[in-house]
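> Okay, handing you the structure first.
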Amino acid sequence: MTLQYSQINYLSSKQIDLGVIRDAIDLCQAGQLFYSQTIADMDDYNFKRIFMDMAATRRSMLQHLVPLFQRIKQGEVASYDVQPISSSSFITGYAHASDAIKQDKLWTAVGWLLDVEQQALNQLKSAARQVTNKEVAQQLAEGCAWLQMECDSMKSLYVGSKNAAN
């Protein structure tokens, strides 16, 4: 998934913003669904807590981004929206992590998740820089900050637990 609309010079900034927001919403929905569904399969309390926080962060981002998308879309007259870009690489990463969790391979799963979340963060940060609507940029940046904190917590617990196990 690549959220790069700056090369599409024939679209209006509002149309670009709609495409970026739609992609951010898709990304947040995929993550929120994964973390919400996977919590039940987690045995480790610390990782379960982090997964609950990741799901809550994604849910919060959606609660802000969806209304922004609707407000901007309603103001659009002749709509030529950017086609949504598939979030299949993130969904695939979440699927691999889910399978690993079900097979009691927590370390493998968390390793996958750290890679997926870093990609997601990079995409969302890029999106925040590309949008022209300041409210959207601010919301994406705030969401990125929360996700970064959650990723840092997951990475810290992952590294600390791996070191303790060795």
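The values are calculated or read from the model by the stated rules, or taken from the named source; none is laboratory data. Quick caveat: nothing in here was measured; it's all calculated off a predicted structure. Because the Cβ atoms are built from the backbone with ideal geometry, glycine has one as well, and the counts that use them run over all protein chains shown. For the accessible areas, the whole protein counts, side chains as well, though only heavy atoms, and no ligand, DNA or RNA atoms are used. Shrake-Rupley method; radii C 1.70, N 1.55, O 1.52, S 1.80 Å.
> Please state, rounded to one decimal and in Å, the Kirkwood hydrodynamic radius that segment 95-148 gives when every pair of distinct Cα atoms enters the mean of 1/r.
12.3
> Students sometimes get this wrong: rank D17, D43 by accessible area, probe 1.4 Å, all chains present, largest first.
D43, D17
> Any chance you could run the full-extension gain for S161 through L114? It's 0.36 nm times the residue separation minus the Cα-Cα distance, nm to one decimal.
On the way: separation 47, 0.36 × 47 = 16.92 nm, distance 1.45 nm.
Taking 0.36 nm per residue and subtracting the Cα distance, the gain is 15.5 nm.
> Next question. What length, rounded to one decimal in nm, is gained on full extension from E135 through to A56, with 0.36 nm per residue of separation minus their alpha-carbon distance? Display every interim value, and only then the final one.
Working: separation 79, 0.36 × 79 = 28.44 nm, distance 2.10 nm.
Full extension of this stretch gives 26.3 nm more.
> Can you figure out the FRET efficiency of M149 with T92, using R₀ = 25 Å and their beta-carbon distance, to the nearest 0.05? The partial results should precede the final answer.
Numbers: r = 25 Å, r/R0 = 1.00.
That pair, M149 with T92, gives E of 0.50.
> With a 1.4 Å probe and all protein chains in place, put K48, K134, K105 in order of accessible area, largest first.
Ranked from most to least accessible, the order is K134, K105, K48.
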